[in-house]
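Pasting a structure below so you can have a look.
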Amino acid sequence: MANDAVLRALASERRLLILTWLKDPVAHFRPQVDGDLVKDGVCGVFIAEKLGVSQPTASEHLRVLTAAGLVRAKRIKQWTFYKRDEAQIRDLKRTVLARI
């Protein structure tokens with residue numbers, strides 16, 4: 001996990017919101033036709049709708065989060081689903097706390 005990529009990802013309020021929503025997707029998103037909210041992640045279209053932004057804007061936020069290793073993307077049919085990478089987030093928390 002590159003430090004610059006992580007700092008860039010965490011520097012956006014919208015990306016922090018996405019991470020918060022993805023922590024409990026059932027509470028924050030409606031059921032999906034394709035893909036299980038918990039097992040597969042949340043469709044990028046739903047994330048864009050909840051953020052109130054265009055799909056390309058949401059895709060850029062999700063690309064940054066993915067590049068930082070904080071979320072993982074999974075393709076199902078023509079859709080991309082996103083979920084938190086809890087192991088990477090746990091490692092990040094541990095690293096940050098160790099340096100304080």
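Could you tell me which of the residues V45, V96, V33, V64 is part of a loop (DSSP other than H, G, I, E, B) and of a type in the set (V, I, T)?
That would be V33, the only listed residue that is part of a loop (DSSP other than H, G, I, E, B) and of a type in the set (V, I, T).
Next up: Consider E86 against the criteria (1) out of contact with any strand residue (DSSP E or B) (no Cβ under 7 Å at 6 or more places or on another chain); (2) open to solvent by less than 50 Å² (accessible area, probe 1.4 Å): it satisfies all of them except one. Which criterion is unmet?
Looking at each condition in turn, E86 falls short on (2).
So, D40, is that one among the charged types (D, E, K, R), part of a loop (DSSP other than H, G, I, E, B) and without any contact (Cβ under 8 Å) to a residue 40 or more places away in the chain or not?
No: the conditions fail for D40.
In the range 11-25, what count of residues is obtained for those that are open to solvent by 60 Å² or more (accessible area, probe 1.4 Å) and either at positive phi or in contact (Cβ under 8 Å) with a residue 40 or more places away in the chain (or both)?
2
Any residue in the range 26-38 that is under 9 Å from the mean Cα position of the chain (by Cα) and either open to solvent by 20 Å² or more (accessible area, probe 1.4 Å) or among the small types (G, A, S) (or both)?
No, the conditions are met nowhere in the range 26-38.
Restricting to the range 67-78, what's the tally of residues that are open to solvent by 20 Å² or more (accessible area, probe 1.4 Å) and either polar (S, T, N, Q) or not in a helix (DSSP H, G or I) (or both)?
7
The values are calculated or read from the model by the stated rules, or taken from the named source; none is laboratory data. Being a predicted model, the structure only gives us computed values, none of them experimental. Counting neighbours? That spans all protein chains shown, and the Cβs are built from the backbone with ideal geometry, glycine included. Quick note on the areas: whole protein, heavy atoms, side chains included, nothing else; ligands and nucleic acids left out. Shrake-Rupley method; radii C 1.70, N 1.55, O 1.52, S 1.80 Å.
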